Structure formats: structure tokens, C-alpha cells
Amino acid sequence: MTNMMYGRYLWGRHRWAQAIKAQAGGGDAVFTGYQPNVFHVIAYNADGTIAAVFGAGSEADYIKSIQFELTETGCGAFTIVFTKLPEVTELTYMQRIDIHLYGDARPWYSGYVQSIPIKGTTETEFTVKGFGYYDALENVIVFGEYLNRDAADIVKEFARLAEKRIGTEFSTNQIVSTRYRIERLLFDGVTLKDALKTLSDFAVDYVYGVNERRQMFFKPRDPDINEQARFWVGQHLDSYAPTWDASKIVNWARIKGGNIDDEGEQWLTTVEDAVSQKEYGFRADVWTLPEAYDVADAKRWGESQIAQKKGPQKTAKLKGVRLEYPNADGTFNVRKLSTEGQAIINTLEGTAEMYPITKLIYKISSSDGIKCEMELGKKLSTVDRYFAELDRNAKATEALSGAAIKQLKGG
């Protein structure tokens, strides 16, 4: 396979797509040059040159199926099933891959390989798996104390660090000021993933992650309608399954931080919502934010959490999302969806429900073409936060055990 530097166009001088004006809340612009069910996977060398191209019309077109996810934190997991085992010169561990759909010159997904089949296997199908670059932030550890700083300024420092460590790209346009200065914040050996989560909590309803251009982003959640995600059930969707869950409502919480007062206590503040208490009853919880040392910071964080958890959790799953749509001249184009903005679902009962876009799941095969599923609604408890808290608890236990051993030894 000839090595070519990937630049403005997909290969050489051939122009597959022309950008037009982006629609509000829709991420990248809709593109022209739509090609039905065309998909390509591009594997890159470390120097940015192309190592291999897989997919329709390429020399290596032995892909059986592809699945990848786009989430609030950017590119998620991907799986590619081959009918022929790729050579190590084409695909190897930690290698960057981009996925292009419908002949679009811009990638719909970017990630890196983590699992490949072993040569000599007797399997007849060969599965390659990996993740987007947000996952790689787990391998970047941050230390530092930050006083009277805007969270976005701290994120910019982290974005520069990630650029050096894992090969993401720094873009100041993707990091938006919060207009709030954190009094004191301490990161003592936490992952960059966890640090971004904490900073987004202080910023109040910010989204963060790494996008399909490998750029770290940190910006307010878009409250506007994503015009690419305006759907009518039966016309644009095969299935719409909504769920409203009141089990996770919290309307009173006491917050424990990292600061210990003269009495040996770590309690910083209490937050509550009286309207929710009246409507749903008193629903209490205790929250821990080890990075918080100032009462004002803990209160701002707690009020943000209460605002998200004071009512029922609204979610929905969509299947059979139709991406293609007709133009006025009889030709077709395609929706390029993103998790930015809000989706509008017009139901068969004539109602219209609005949800944040949580996840896009693309399933691609040579037999069934390109299919899309969606998950909607803001999730109140994330897996990342759960495992981060487990990790914190483990570290705290380790530290206490170490101190106890030292005392037993007379140290």
C-alpha cells in the first residue's frame, strides 16, 4: 500500500466532499457528494502517513462488519470484523484508525487499536477492537494545586499535556471559559479522565472528551435543538422506547470534601431543592468530592448535582434511524449526527419530546449497509465516575493500611 500524507482530501487530489454551512447544534456540516453505504477505514503510521485503507473500492476490502460508538465524551469503542487477517504492516497495536462513512472526507470516528487477532489462529473471522482517544486519557496522570483559576484554563494545560503524551490535537476553540474561578483545587495523582469530570462538575453542566478529530473539548452542554436530530416516529425511526425513572431522585445532600477542619471533620456544605422535596418527598444522599477544599466550590458543585437529580431521569432508545434524506432536486444526502444539542422526537400520539443526545451507535456491513441507533437522555450516574470513586476508595484504604503498618512497627 502506497504511503500518502492524509491532508485535505481522502486520497490524492480526488475530492470526495465539499463542506457547506454547518447547522446550529449539529456538529460538522452536512456534506455533498453523498455515496450510499460507502465506508472506509484508514490506518495510520506514527508519522501521520497512511499505512492501509480498508473498505469498499480499496485494495483491502475484506471487512465483514464495523461497529463504533459516539458518546458525550467523544469517540467510544469500535469493533471491526475482517474475513482476512490484516498484516502487521497494515494494522497493529496502538495504531490510529479513522472511519469515514458515505464518502465523507472528514472522519466520523477516530480511535486506536487495542486488540488484534494472533497470527496462526484457526478462526475464519478476525476481530479488531479499540477505543477513541478519550479512553487514552486514563493513562495520563495529573498532579497540581490550582488556586483562583477558571476550569477552562486548567483544561488547556491538560490538553497540552495530552498532546505530548497520547497524540491528541490541541484546539483552543474547543475549550470554552466557564466565567467562574475555582478557589482551590488539588489533583494528587488522578487520571486526566477523572480530572476532566471534576472540572466539568465545577463548571456546571459542561461536556468534555475527545472528538473525531482527536481534539480535547470542554464546553457548555448545548441547549438548542440539533436540526440533524429532529425525528418523526414511523417516518425517520423504526422504534422509539422512552423510560422515565424516579428511583435516582436526590433533593437533599450533604457534601464531604478534601479539607479537614479543627474538629477533624470533612463536611463542607449542604444543598437541597424544596420544590422537589414537596413533589417527590425527601430524598437524601451523601456526596464526596475529595478535590474540593472551599465551601463555595463545594456548594456550586452540589447545586449543579441537585439540579440534575431533582426530577425523574428521562431516557429513550431509538432504532432504525434513517440517515438518508431527499433533496429538493430528487438527489439524496445524509444526516451527520453528533451528540451536540437536543433531539426532538415527534411521537405517534402527536406529542414532541426533547432529550439530550447521549450515544450514537453505528453498525456497518457489506450486506446490510450503514445502520444507526441512538440513546437519548442525560444519565445521572456514569460508569467513569463509578470506577473513579472505586479507585479513590482503594487508594484511601491503601494509605490508611500503610499508616497502620507503620504504627505497628513502631515507626
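The values are calculated or read from the model by the stated rules, or taken from the named source; none is laboratory data. The shown structure was predicted, so the numbers you read here are calculated from the model rather than taken from an experiment. Virtual Cβ from ideal backbone geometry, glycine too; neighbours counted across all protein chains shown. Surface areas here come from the heavy atoms of the whole protein model, side chains and all, with no ligands, DNA or RNA. Shrake-Rupley method; radii C 1.70, N 1.55, O 1.52, S 1.80 Å.
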| remark: Of the candidates K64, K129, the one satisfying the condition of being open to solvent by 30 Å² or more (accessible area, probe 1.4 Å) and at pLDDT below 95 is K64
| Here are L91, L85: which of them is hydrophobic (A, V, I, L, M, F, W, C) and either in contact with an Asp or Glu (Cβ under 7 Å, 6 or more places away or on another chain) or open to solvent by 30 Å² or more (accessible area, probe 1.4 Å) (or both)? | L85
| field | Long-range neighbours under 8 Å by Cβ, at least six apart or interchain, first residue at pLDDT 80 or above and open to solvent by less than 70 Å² (accessible area, probe 1.4 Å) within segment 247-264, second of a type in the set (K, R) and not in a loop (DSSP other than H, G, I, E, B) | value | I249/K309; V250/K309; N251/K309; I255/K299
| message | Return the pair list, or none, for Cβ contacts closer than 7 Å from residues in segment 211-232 that are at positive phi and at pLDDT 95 or above to residues that are crowded, with 22+ Cβ neighbours inside 10 Å and in a strand (DSSP E or B), at least 6 apart or on different chains. | response | R214/S110
| query | Which of the residues belonging to segment 114-160 are among the hydrophobic types (A, V, I, L, M, F, W, C), assigned to a helix (DSSP H, G or I) and under 30 Å from T83 (Cα atoms)? | reply | A136
| In segment 33-50, which residue that is in contact with a strand residue (DSSP E or B) (Cβ under 6 Å, 6 or more places away or on another chain) and either surrounded by 21 or more Cβ atoms within 10 Å (Cβ to Cβ) or in a loop (DSSP other than H, G, I, E, B) (or both) is modelled with the lowest pLDDT? | Y34
| Do you know which residues across segment 203-228 are closer than 20 Å to L360 by Cα and either among the small types (G, A, S) or assigned to a helix (DSSP H, G or I) (or both)? | G209
| remark: The number of residues in segment 99-123 that are surrounded by 22 or more Cβ atoms within 10 Å (Cβ to Cβ) and of a type in the set (D, E) is 1
| field | Index of the failed condition, E291 passing every other in (1) open to solvent by 50 Å² or more (accessible area, probe 1.4 Å); (2) in contact with a helix residue (DSSP H, G or I) (Cβ under 9 Å, 6 or more places away or on another chain); (3) more than 22 Å from R221 (Cα to Cα); (4) not small (G, A, S) | value | (1)
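Filter segment 339-358 down to the residues that are within 15 Å of the chain's Cα centre (by Cα) and open to solvent by less than 40 Å² (accessible area, probe 1.4 Å) and list them by number.
Matches in segment 339-358: T339, G341, P356, I357, T358.
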| note | Scanning segment 352-378 for residues that are touching a residue at least 60 places away in the same chain (Cβ under 8 Å) and not in a strand (DSSP E or B) gives S366, G377, K378
| field | For I99: the one exception among (1) modelled with pLDDT of 95 or more; (2) closer than 21 Å to K219 by Cα; (3) among the hydrophobic types (A, V, I, L, M, F, W, C) | value | (2)
| message | Being within 17 Å of R300 (Cβ to Cβ), of a type outside the set (S, T, N, Q) and open to solvent by less than 40 Å² (accessible area, probe 1.4 Å) is the filter here; which residues of segment 156-194 pass it? | response | I182, L185
| Quick one: how many residues across segment 289-337 are in a strand (DSSP E or B), touching a residue at least 40 places away in the same chain (Cβ under 8 Å) and more than 16 Å from L376 (Cβ to Cβ)? | 6
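Please verify whether K336 is open to solvent by 60 Å² or more (accessible area, probe 1.4 Å) and either among the charged types (D, E, K, R) or under 19 Å from the mean Cα position of the chain (by Cα) (or both), treating the condition exactly as stated.
No.
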| said: Quick check on W252: is it closer than 30 Å to A352 by Cβ and hydrophobic (A, V, I, L, M, F, W, C)? | reply: no
| query | Here are A316, A307, A296: which of them is open to solvent by 50 Å² or more (accessible area, probe 1.4 Å), of a type in the set (G, A, S) and under 30 Å from L237 (Cβ atoms)? | reply | A307
| S200 fails exactly one of the following numbered conditions: (1) more than 23 Å from M374 (Cβ to Cβ); (2) part of a helix (DSSP H, G or I). What is the number of that condition? | (1)
